[in-house]
Amino acid sequence: MSATPSAIQLDLQTQKHLSQAERGAQLWRDRLDLLLESTGDGIFGVDMQGNCIFINRAAADMIGYTPDEALHQNMHHLIHHTHNDGSHYPVEHCPIFHAFSHGLPCHIEDEVLWRKDGSSFQAEYTSHPIVEHTAEGEIILGAVATIKDISERKRAETLLKQANDELERRVAERTEELTQALADLRELAAYLETVRETERTRIAREIHDELGSLLVALKMDVNWLEKRLDDKPPLQQKCDNMGTLIDTAVDNVGRIITDLRPSILDHRGLWAALSWQMQEFIKSAEVASDIQLHVAAGVGNPERGQATAIFRIFQEILSNIARHAQADAITIRILVDQPPDPVLYIEVYDDGVGATREELNSPQSYGVVGMRERAGYFGGKLTINGLPGQGTCVKLVMPLMIQEEQE
């Protein structure tokens, strides 16, 4: 029985459609092959046994095989058989194997792959399962892997790390040198301060002993002479004037001696000296004041060097207020913690003109620099906060080194 014309026509149309589908499929395969060959990343696919079913030129060149040599080879045994340390890499631990055996995609950034000649290279790779969707569900047919040779990147990272390590080493060395230099400078500054205080004490003592005694003797002589000039009023008046000048000189000498080295600091200790200095400042500055001095029971006086440093810092704070602040009111708090590790807290606030942060931190602010260095040498910290028109607050925190009581 021969086919009807309509059946023949239908068969020709079917063949035409099939031919077009095949040409379309071939066109897409050609385009995919072109895409695979044009990319710089290595790409290969494996079946459910891990055997290579396709591989592009870039991947073949990376592993040292031709595409034909790699096809149908087990890719794990070919390029992923050994760890970087030379130990065996079991196939069941292979992330590429997991992609088709368990349907688990992966992205590995730091492993090695092996070439045909036995050498290895640092590689980054991804692996994704090849899944076919059917009426019965998803079926895994294998996996596709993308590999990159990151040896140059790793070398660059290693060189960068070495450079950073070397830089950090040099910075650490330089920091240590600068720290030591700063410590040496503080030691020198403390030594010079000790020498200066010793010299001040010596000068004050000599002025007191020599000039003071001479002025007292001169005063006595003038008084003796004045008593014998009853019959000469002009000369008697002159002697009286001379006596007044001698009294003024004695007062000035006492003030100079106190400025050089307050005797109260040596005879009665730091706490008495700070209290005296506060009272003297309030009396001379004529400002409203709120002062408090509290030393915990059982806290003695600091060692001589530290006591001198604290007293000079406090003097400098008050001197700066007197010279620059134009303040109407001042608040002073001096507190000392309980033993056995007492800490000194000094806070001085004025409502004066204030100062900018740049002015307070300027290297030319020698008084501020000196206070900070004095505090730093004894483990203390001095902070100054101020704003133009809003006054200034100076805080000193310093652990105390209490001198042993002399029996």
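Tabulated values for the structure
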{"item": "Straight-distance crosslink candidates among lysines, where the alpha carbon sits under 22 Å from residue 154 and sequence neighbours closer than 8 are dropped", "result": "116"}
{"item": "Compactness relative to 2.2 N^0.38 Å, alpha carbon Rg of the chain", "result": "2.16"}
{"item": "Spacing of the two label points (7 Å from each Cα toward its C-beta) at residue 151 and residue 291, in nm", "result": "8.1 nm"}
{"item": "Rounded FRET efficiency, nearest 0.05, which uses the C-beta distance separating residue 343 from residue 280 and R0 of 25 Å", "result": "0.45"}
{"item": "Using distinct alpha-carbon pairs, which all enter the 1/r mean, Kirkwood radius of region 108-258 in Å", "result": "25.7 Å"}
{"item": "Under-5 Å amide H pairs with residue 64, H placed in peptide plane, nonlocal only", "result": "116"}
{"item": "Charge context of residue 200, other residues only, Cβ under 12 angstrom, K/R +1, D/E -1", "result": "-1"}
{"item": "Cut-off 14 Å between beta-carbons: net charge of the residues surrounding residue 40, Lys and Arg +1, Asp and Glu -1", "result": "-3"}
{"item": "Distribution of pairwise C-alpha distances over region 354-407, 5 Å bins, in %", "result": "4, 18, 22, 20, 14, 8, 5, 3, 3, 2, 0"}
{"item": "Length released on extending from residue 140 to residue 71, taking residue separation times 0.36 nm less the Cα-Cα span", "result": "22.9 nm"}
{"item": "Residues with amide H under 5 Å from that of residue 289, placed H, sequence gap 5 or more", "result": "330"}
{"item": "Stretchable slack from residue 329 to residue 266, in nm (0.36 nm times residue separation minus alpha-carbon distance)", "result": "19.6 nm"}
{"item": "For region 265-407, radius of gyration divided by Kirkwood radius, i.e. Rg to Rh on alpha-carbons", "result": "0.97"}
{"item": "Lys/Arg +1, Asp/Glu -1 at C-beta; the chain dipole; positive extreme among 387, 67, 151", "result": "387"}
{"item": "Charge dipole magnitude, Cβ of K and R +1, D and E -1 - the chain, Cα centre, debye nearest 20", "result": "1020 debye"}
{"item": "Rg over Rh [alpha-carbon atoms, Kirkwood Rh] for region 39-149", "result": "0.97"}
{"item": "Positive dipole terminus of the chain, leading residue within 292, 319, 398 (C-beta point charges)", "result": "319"}
{"item": "Length gained when the stretch residue 39-residue 196 is fully extended (0.36 nm per residue, less Cα-Cα span)", "result": "48.6 nm"}
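Read-outs throughout are calculated quantities, based only on the coordinates presented, and are distinct from any laboratory measurement. Since we're looking at a predicted model, the values are computed, not measured. Backbone-built Cβ (ideal geometry, glycine too); neighbour counts: all protein chains shown.
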